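Written below as structure tokens is the structure these notes are about.
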Amino acid sequence: MRNGLKIATIGGGSSYTPELIEGFIKRHHELPVSEIWLVDVEEGKEKLDIVGNLAKRMVEKAGVPIAVHLTLDRREALRDADFVTTQFRVGGLAARMKDEAIPLKYDVIGQETNGPGGLFKALRTIPVILDICKEMEELCPQAWLINFTNPAGIVTEAVLRYSPVKKVIGLCNGPIGITMGIADQLGVEPERVRIDFAGLNHMSYGLKTTLDGKDISERVIAMLAGWERDGITAKNIADVGWVPEFVEALGVIPCGYHRYYYQTSTMLAKIKEETERSGTRAEVVKRLEDELFELYQDPDLNVKPKQLERRGGAYYSEAAVQLIHSIHTDKRDIQVVNTRNNGAIASIPDDSAVEVSCIITKEGPRPLTMGDLPVPVRGLVQQIKSFERVTIDAAVTGDYRTALLAMTINPLVHSDTVAKLILDEMLEAHRAHLPQFFGVS
Ligand code: G6P
């Protein structure tokens, strides 16, 4: 009998792993994790060894009794796990590069989560996550699946609708990053600030902000409108200022990803310029990763290096570890996660995943009832939800027309002819990772 929790992390060779390990170390006094299994695929073995050995050194330095295991055997990692976290990338950064570069040739933002890139990332990822769920049902039916793999909302909804695993939560560092950023600008500790979020992953809005329970929404919106750069945007998105009157009229806090929809032409120009200068974001991240893995190999390194902060996933460990902690202890605090809507947000199907503030219990997240979203933002959220649902159907069926439909209804793609051109080129480029469209090679 184990006397602590077993965590299985799929995509354990990710450069983000030290972030997660740091979180478990910091909370060890209140979250008794005894085993962390980092699992990856054959192609990721070298990275798994490097980052896994760093994880072992971090745990040893901290003096906490956590056994870190490295394995390519997913079944062994999953057996009797209490929590399974997923942070894998099918096809690696090379696939992300195509997701970002191909649409750009047609003057369309690739956007690896909500755009055409997100569609293809979902097509590659969903069959894999559904396989993982089958194994979970057999090997750890009691476990919670905490999904970080992007597009996190879409992947979570695919699990909810197409797998036997119902204990699934999709997690993003976005809402926590916004809360931290706003607390910082207000000059107060983040625990005193609560923002009620509602919407979809990378498409959720901060509807109401309170400081020590007092409504300060208007002050925050005014602050946001006045900033040249909003200071709450993740590192992977250009922090272009908003038109102040627009943010004031919107009346809710947009997230960084909303720029792609409300500032499409500015963002497209920025991305083109950046791509010309330094390559796609995937290429920038690849160089940063090479640098990180170089550092991770240093046998004297036994803490998370500073450079990791240049990635978009800041506070990733904070979000994951505090969620696991609250489920384990039935803490009933409020956190923002992706979960089954169940009527929390009106005009979104009950069985869809939404990103919403929830009470976290040992039975899982209980979404706060949000009612209808304000009219000015409702339409975009619904349109993206339609895109997400059709994307999931395309990923499960491997049906060309369904994929074309998803591509065409995405608001970043402006016509059916362009949608078809992008779709055809991307299907060909990702052939090796799309068995549902091309069969297993
Ligand atoms: C943000 C998002 C994550 C995303 C990351 C990308 O933080 O919330 O979902 O994975 O940025 O960052 P990267 O450094 O990979 O471009």
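The values are calculated or read from the model by the stated rules, or taken from the named source; none is laboratory data. Note that the structure is predicted; figures quoted are calculated from it, not measured. Heads up, the Cβs are rebuilt from the backbone with ideal geometry, glycines too, and the neighbour counts pull from every protein chain shown.
Any residue at all in segment 294-311 that is within 15 Å of the ligand (Cβ to nearest atom), surrounded by 16 or more Cβ atoms within 10 Å (Cβ to Cβ), within 21 Å of the chain's Cα centre (by Cα) and within 26 Å of LEU224 (Cα to Cα)? Within segment 294-311, one or more residues are within 15 Å of the ligand (Cβ to nearest atom), surrounded by 16 or more Cβ atoms within 10 Å (Cβ to Cβ), within 21 Å of the chain's Cα centre (by Cα) and within 26 Å of LEU224 (Cα to Cα).
Among the residues of segment 227-241, those that are more than 16 Å from the ligand (Cβ to nearest atom) and either crowded, with 21+ Cβ neighbours inside 10 Å or among the charged types (D, E, K, R) (or both) comprise GLU228, ARG229. Specify the residue that is nearest to GLY312 (Cα to Cα); the eligible residues are those in segment 158-178 that are more than 9 Å from the ligand (Cβ to nearest atom) and assigned to a loop (DSSP other than H, G, I, E, B). It comes out as LEU171. Within segment 195-231, the set of residues being modelled with pLDDT under 95 and in a loop (DSSP other than H, G, I, E, B) comprises TRP227, GLU228, ARG229, ASP230, GLY231.
Checking the structure you have, find out if any residue of segment 126-139 is more than 16 Å from the ligand (Cβ to nearest atom) and in a loop (DSSP other than H, G, I, E, B).
no
The numbered conditions (1) hydrophobic (A, V, I, L, M, F, W, C); (2) within 20 Å of PRO365 (Cα to Cα); (3) in contact with a Gly (Cβ under 8 Å, 6 or more places away or on another chain) are all true for ILE178 except (2). Could you list, in sequence order, the residues of segment 110-125 that are aromatic (Phe, Trp, Tyr) and either over 29 Å from SER415 (Cβ atoms) or away from the ligand (no atom under 16 Å from the Cβ) (or both)? Of everything in segment 110-125, nothing turns out to be aromatic (Phe, Trp, Tyr) and either over 29 Å from SER415 (Cβ atoms) or away from the ligand (no atom under 16 Å from the Cβ) (or both).
Residue-level check: of (1) assigned to a helix (DSSP H, G or I); (2) crowded, with 23+ Cβ neighbours inside 10 Å; (3) touching a residue at least 40 places away in the same chain (Cβ under 8 Å), ASN114 misses just (1).
Going through (1) surrounded by fewer than 18 Cβ atoms within 10 Å (Cβ to Cβ); (2) at pLDDT 95 or above one by one, ASN3 falls short only on (2).
Considering VAL321, VAL418, VAL337, VAL413, the condition of being of a type in the set (Val, Ile, Thr) and over 23 Å from the mean Cα position of the chain (by Cα) is satisfied by VAL418 alone. Considering segment 270-290, the residues that are more than 13 Å from the ligand (Cβ to nearest atom) and surrounded by 14 or more Cβ atoms within 10 Å (Cβ to Cβ) include one that is farthest from SER15 (Cα to Cα), namely LYS270. Determine which single condition GLU355 fails, assuming it passes every other condition in (1) within 30 Å of GLN142 (Cβ to Cβ); (2) more than 16 Å from the ligand (Cβ to nearest atom). The one condition GLU355 does not meet is (2).
Within segment 324-339, can one find any residue that is among the hydroxyl-bearing types (Ser, Thr, Tyr) and over 19 Å from GLY153 (Cβ atoms)? It would help to see each step written out before you state the result.
First, the residues of segment 324-339 that are among the hydroxyl-bearing types (Ser, Thr, Tyr): 326, 329, 339.
Among the residues that remain, those that are also over 19 Å from GLY153 (Cβ atoms) are: 326, 329.
Within segment 324-339, one or more residues are among the hydroxyl-bearing types (Ser, Thr, Tyr) and over 19 Å from GLY153 (Cβ atoms).
Out of all the residues in segment 69-79, is one or more under 19 Å from the mean Cα position of the chain (by Cα) and of a type in the set (A, V, I, L, M)? The answer is no; no qualifying residue exists. Selection within segment 374-390: residues that are among the hydrophobic types (A, V, I, L, M, F, W, C) and within 22 Å of the chain's Cα centre (by Cα). The member of this set that is farthest from LEU200 (Cα to Cα) is VAL390. Residues that are without any contact (Cβ under 8 Å) to a residue 40 or more places away in the chain and among the acidic types (Asp, Glu): does segment 193-204 have at least one? No. In segment 32-108, counting only helices (runs of 4 or more DSSP H) that sit wholly within it, the ones holding 3 or more residues that are small (Gly, Ala, Ser) span 45-62, 92-105. Of the set (1) surrounded by 21 or more Cβ atoms within 10 Å (Cβ to Cβ); (2) part of a helix (DSSP H, G or I); (3) modelled with pLDDT under 95, all apply to SER15 but (2).
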